[in-house]
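Every read-out reported here was derived from the displayed coordinates using simple, explicitly stated rules and does not represent laboratory data. All values derive from a computational prediction rather than experimental measurement. In this analysis, Cβ positions are derived from the backbone assuming ideal geometry, glycine residues included, and neighbour counts consider all displayed protein chains.
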Amino acid sequence: MSLFANTTILLGKELRTEFRSRELLTTTIVFILIVLVLFSFTFDPLSEEARRFGSGLLWLAFLFAASLMLQPCFLREQTNDTLSALRLSVSDPFAIFLAKLAANTLFLLLTELLLLPVFAMMYNVPVLPVLHWLVLVFFLGSLGISVVGTALSAISAQARMRELLLPLLLLPLLTPILVASTEVTGALLDRAPYVQWKGTGFLAVFDLVFLTTLWLFGEYLLEE
Amino acid sequence: MTLGAVGPTAIRFENIDKRYGGLYALRCVSLTIATGECVALAGRNGSGKTTLLRIAARLVRPSSGKLSFSSAEGVENIAARNAGFVAHATMVYDELTAEENLLLFARLQGIAQPGKRVEAMLHEAGLFERRDSLVRTFSRGMRQRVAIARALLNAPAILLLDEPGTGLDPQGTAWLAETLQRMRDAGCTMLMSLHGESEISALATRAIRLDAGKVVADTQAGASVRSILAFADA
Amino acid sequence: MKNVLFVAVVVLLLGAGAYAAFFIAPTDAKQGLIYRILFLHVASAWTGLTAFFISFIANVLYVWRRQPQWDWLGVSAAETGLVFTTVVLVTGPIWAHPVWGIWWTWDARLTSTFVLWLLYVSYLLLRTLIEEPDRRALLSALFGIFAFVDVPLVFGSIRWWRTQHPQPIIMGEPGSGLDPLMYKVLFFMWFAMLALMTLLLRQRYLLEAMRGDVETMRRQWEVA
């Protein structure tokens with residue numbers, strides 16, 4: 001069975017499981033909403049500053065949400081030791097990671113896009129003219145978050161205090177994503193919007209670097 | 001039941017050690033299990049039975065020593081060398097139905113015509129009526145049936161079982177014994193860890209006892225299967 | 001005996017370095033005496049990174065070979081690196097305050113160093129949360145690999161971010177505008193710091209080796 005075939009099958013399983021219960025999606029969406037509202041109390045949301053701060057706040061909210069959303073990723077494979085069943089069935093263990101990170105990227109992207117109109121309304125920023133670019137940034141950023149997050153979720157699932165541990169490990173590692181995504185998003189939401197190519201390229205590089213690292217070392221993360 | 005064609009499937013453990021930070025779970029274990037043998041593995045909790053099985057299943061790497069299958073070097077993937085594994089945990093997803101679970105694993109392993117195979121397995125395991133129910137709603141006995149069905153999907157030539165009868169009612173145990181007998185008679189090589197005697201242990205053609213990670217008794221050396229299994233158990 | 005000699009050499013080197021920093025290096029026209037902290041600040045930064053690099057190599061080797069020695073080297077190098085990184089973070093404000101009147105500048109390098117510090121603190125925290133020694137060694141090695149791969153991305157992204165939001169460069173770029181004599185003193189100081197790093201690393205390594213043995217004995221005793 002090829003890597004692609006196995007990944008597709010597993011991705012199907014991840015999506016089916018999530019869309020059946022929708023637990024992760026709903027809790028993540030509500031969490032981001034809460035963060036956005038709370039942030040609005042810390043400065044004047046309708047001022048000029050809102051445009052500048054807005055993109056940073058948005059990505060901070062995404063990062064926090066992701067660090068919570070990614071916790072069950074490997075934890076739920078521990079309940080019935082289904083991880084062992086997967087390891088026994090797939091020819092390349094990287095398929096397990098690929099499927100999970102693809103699913104996580106999709107879930108993150110979905111919540112981000114669902115919340116975009118809310119954010120646009122709350123902070124009064126025009127998103128429609130630059131929508132396709134925003135989707136690109138959201139995708140690249142979410143991919144980076146998912147690649148690293150999925151890997152670290154495999155680590156934290158095997159340690160104590162895992163609820164606190166995952167954010168602790170994840171957030172410093174994702175600093176480059178926060179920096180680059182905020183810059184690119186900020187440029188797109190500016191009064192005179194433009195595409196920050198350097199930042200976008202940087203995100204792609206980040207994604208590639210960590211995908212490669214995960215590919216090289218992933219199987220050891222799954223060892224018993 | 002036709003088994004996947006692999007050839008003489010012996011399992012050979014050569015000087016297998018497994019250390020967990022200085023503590024030995026297995027120490028210098030050397031065993032050869034011939035094709036078609038049905039081996040009962042006895043021993044107290046913590047004697048290393050589960051570790052040995054998980055090493056045979058390629059889920060755990062030995063700290064030292066060599067594991068090989070038939071006369072060739074160990075093959076990486078259990079599906080590729082046709083082995084099934086049944087553990088304490090069910091290794092199936094509670095949030096999926098019985099059919100979805102089996103289809104998932106059948107497809108992952110590249111089984112031809114997975115739909116048909118799954119349907120046949122569901123019938124065999126007596127799960128066909130409940131195939132659209134989430135595994136979460138199943139009783140312990142039924143979950144075990146799903147677990148075993150999963151392990152038998154690719155008609156393995158090697159079967160590894162870790163206390164498969166735990167939590168099964170008499171009906172379930174009878175079904176399991178019957179299924180395993182069919183596998184054994186079809187030439188499947190089996191290694192199963194057990195606690196004491198039962199319908200399942202009666203299938204064994206050989207028994208091995210582990211204590212503190214070492215092999216301390218083997219029917220090959222002359223002891224009887226009964227005596228090994230009857231030895232005071234925890 | 002060899003140990004005492006080594007310590008003596010390190011003390012001598014550091015002493016010589018300090019002397020050079022105070023008396024040999026020429027005076028800076030603008031900043032006066034305080035600029036001399038640069039020799040400690042920058043040399044510590046370079047030494048810290050060297051230590052983290054050693055930790056990275058040790059991590060990779062552990063994943064590959066699974067010998068406990070590499071795990072001991074990994075954690076020793078990480079802790080040693082953290083010590084030097086802390087010195088960087090402490091000398092930063094000490095330098096900034098008399099010159100500019102503020103304690104913290106969000107200068108690119110200093111900010112990146114802070115993230116670096118957080119990354120390796122997380123590495124050490126992770127280790128305390130996994131009890132089984134082989135698991136701990138493997139999982140922390142894998143995290144260490146991810147962390148080190150992130151380091152250039154962190155520094156790169158923050159530096160780029162600073163070019164987007166320029167501020168007066170408080171610390172001065174040591175890489176530009178340094179008198180050649182200052183360079184010589186800096187490199188000598190780095191050499192002295194590397195000697196100190198080696199000493200600390202060695203001591204920490206021996207301690208970890210002993211801890212490993214004690215833990216093994218304790219676990220064996222517990223089982224018996």
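List of remarks:
- Cα gyration tensor shape of chain C, rounded if a/c is under 1.5, else prolate or oblate by comparing a/b with b/c: oblate
- Debye equation applied to the C-alpha atoms of segment C:1-107, log10 I(q)/I(0) at 0.13, 0.18, 0.19 Å⁻¹: -0.66, -0.98, -1.03
- Residues considered: A:213, A:79, A:105. Largest GNM mean-square fluctuation over chain A, using C-alpha springs under 10 Å, is found at A:79.
- Neighbouring partner chain Cβ atoms per residue of C:153-162, average, 10 Å criterion: 6
- Among C:190, C:70, C:103, the residue with the largest mean-square fluctuation in a Gaussian network model of chain C, with springs joining Cα atoms closer than 10 Å, is C:103.
- Length gained on full extension, residue A:52 to residue A:34, computed as 0.36 nm times the residue gap minus the Cα-Cα distance: 4.5 nm.
- Three-way shape label, the protein assembly as shown, alpha-carbon gyration tensor, a/c 1.5: oblate
- FRET efficiency for residue C:90 and residue A:41, using Cβ-Cβ distance with R0 set to 35 Å, rounded to 0.05: 0.55
- Among B:197, C:79, sorting on how many other beta-carbon atoms sit within 10 Å of each Cβ, with the fewest leading, yields B:197, C:79.
- Cα long-axis angle, helix A:48-69 against chain A (0 to 90 degrees, to the nearest 10): 10
- For segment A:62-102: rounded, prolate or oblate by the Cα gyration tensor [a/c cutoff 1.5]: oblate
- Relative contact order of segment B:98-234, taken over Cα pairs closer than 8 Å and 6 or more residues apart, is 18 percent.
- Mean ellipticity per residue at 222 nm, deg cm²/dmol - from DSSP H runs of n ≥ 4 across chain C, formula -39500 (n - 2.57): -28500 deg cm²/dmol
- Each of the peptides A:88-100, B:170-182, A:175-187 was scored by the mean count of other Cβ atoms within 10 Å over its residues; in descending order, highest first, they stand as A:175-187, A:88-100, B:170-182.
- GNM remark for chain A: springs join alpha carbons under 10 Å apart, and the peak mean-square fluctuation among A:206, A:62, A:43 falls on A:43.
- Antiparallel %, DSSP beta bridges [both residues in the protein assembly as shown], to 5: 55
- Around the Cα centre of segment A:3-221, unit charges on the Cβ atoms of Lys, Arg, Asp and Glu (plus for the first two, minus for the last two) sum to a dipole of about 240 debye.
- Evaluated with a Cβ-only charge set (Lys, Arg +1; Asp, Glu -1), segment C:2-223 carries a dipole of roughly 200 debye about its Cα centre, given to the nearest 20.
- Ordering of B:103-109, A:127-133 by packing is B:103-109, A:127-133, highest average first (other Cβ atoms within 10 Å, averaged per residue).
- When only the Cβ of Lys, Arg, Asp and Glu is charged (+1, +1, -1, -1), the dipole of chain B relative to its Cα centre reaches about 560 debye.
- Note on C:112-122: average number of Cβ atoms from other chains within 10 Å of each residue's Cβ is 3.
- Given B:49/B:116; A:198/C:30; A:100/B:116; A:100/A:198, the pairs whose alpha carbons are separated by over 32 Å: B:49/B:116; A:198/C:30
- In plain terms, the residue of A:39, C:84, C:53 with the fewest other Cβ atoms within 10 Å comes first and the most crowded comes last, giving C:53, A:39, C:84.
- Packing-based exposure ordering (other Cβ within 10 Å, fewest first) of B:63, C:112: B:63, C:112
- Ellipticity estimate at 222 nm from DSSP helix runs (n ≥ 4, -39,500 (n - 2.57)) divided over chain B, nearest 500: -8500 deg cm²/dmol
- When the trypsin sites (Lys or Arg not before Pro) in segment A:131-224 are filtered for DSSP coil states and for at most 10 other beta-carbon atoms within 10 Å of their beta-carbon, the remaining sites are A:191.
- Scanning chain C for DSSP H helices at least 27 Å long along the axis (C-alpha atoms) with a Kyte-Doolittle mean no lower than 1.6 picks out nothing.
- Cα centroid separation - segment C:3-21 against segment B:181-211, whole Å: 70
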